[in-house]
Amino acid sequence: MPIIKASFFNRDACLVAQQLLGKVIRRKYKGRWLCVRIIETEAYYLEEKGSHASLGYTEKRKALFMPAGTIYMYYARGKDSLNVSCKGDGNAVLIKSAYPLSENRTSTNAVEIMQQLNPTVSGQRRAVEKLCKGQTLLCKSLDLKVKEWDQQQFDNKCFHFEDINKFPEKIIQTTRLGIPAGRDGHLPYRFIDYEFARFCTSNPLTKHNIDKNLRVIKNQLLYL
């Protein structure tokens, strides 16, 4: 299947965020290929207050101002988080959640390896559906670390995104998570594969989480 090139990211961040749904992340760990399907993303722009880039250029945020397709990793509550720069200075997409994928090209014990990398707080095996349920759990399950990958390009030999020709039939568009008050938390820049909504960071379809900005996009990609 074709490996996603940097040019894929050289487009509007919201469009990239939607089109990443259904794509997979392949990561080689100690000679074994791990694979997860992207089910939740968030877009960020330089001009809106919810983005890191809105706080200005620093060496720590350098990747956000580098060419589209550059990996930007940072610590979220002390844990690793994966983003990719998009078209335009400061614009990027956060990979929010994924779901472990088993297919012919994935190592037979890939899920077990991810469970070893990402046990529960008590040291038990984490349930498969919870291995990548959130940006920091995703990075831990794939052994992706800020010190190794921030400001780097993808490496076809050990870490890349791939198109397996899977597209969500429906996409949920809603507001992002964890945006502080007064920092554009109302913007509907979070996208979820409808079929996998129950496995994302926080399911917006439940009565408790639903918000007025939620939309379900059927059989099309919405370009903002």
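The values are calculated or read from the model by the stated rules, or taken from the named source; none is laboratory data. Values in this document were obtained by computation on a predicted structure and should not be read as measured data. FYI the Cβ positions are ideal-geometry reconstructions off the backbone, even for glycines, and counts take in every protein chain you see.
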Just a yes or no: is a residue in region 159-175 touching a residue at least 60 places away in the same chain (Cβ under 8 Å) and part of a helix (DSSP H, G or I)? no
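Mind counting the residues in region 176-185 that are under 15 Å from I95 (Cα atoms) and either among the small types (G, A, S) or without any contact (Cβ under 8 Å) to a residue 40 or more places away in the chain (or both)?
Of the residues in that region, 1 qualify.
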Mind checking whether some residue in region 75-82 is closer than 18 Å to R190 by Cβ, touching a helix residue (DSSP H, G or I) at 6+ places or on another chain (Cβ under 8 Å) and surrounded by fewer than 23 Cβ atoms within 10 Å (Cβ to Cβ)? yes
For Q19: the one exception among (1) in contact with a strand residue (DSSP E or B) (Cβ under 8 Å, 6 or more places away or on another chain); (2) surrounded by 17 or more Cβ atoms within 10 Å (Cβ to Cβ): (1)
Quick check: is even one residue across region 36-48 among the hydroxyl-bearing types (S, T, Y) and at pLDDT below 95? no
Go through region 47-72 and count every residue that is under 24 Å from F161 (Cα atoms) and either within 18 Å of the chain's Cα centre (by Cα) or of a type in the set (D, E) (or both). 11
Between a first residue in region 126-152 that is outside any helix (DSSP H, G or I) and a second residue that is among the small types (G, A, S), which pairs have beta carbons less than 7 Å apart while being 6 or more apart in sequence or on different chains? L131/S141; C132/S97; C132/A98; C132/S141; K133/S97; G134/S97; D150/A63; Q151/A63
Could we say that S54 is touching a strand residue (DSSP E or B) at 6+ places or on another chain (Cβ under 9 Å), of a type in the set (G, A, S) and buried (at least 21 other Cβ atoms within 10 Å of the Cβ) here? no
Result of the Cβ filter at 7 Å on region 186-198, keeping first residues that are without any contact (Cβ under 8 Å) to a residue 40 or more places away in the chain and partners that are assigned to a loop (DSSP other than H, G, I, E, B) and of a type in the set (K, R), at least 6 apart or interchain, is none
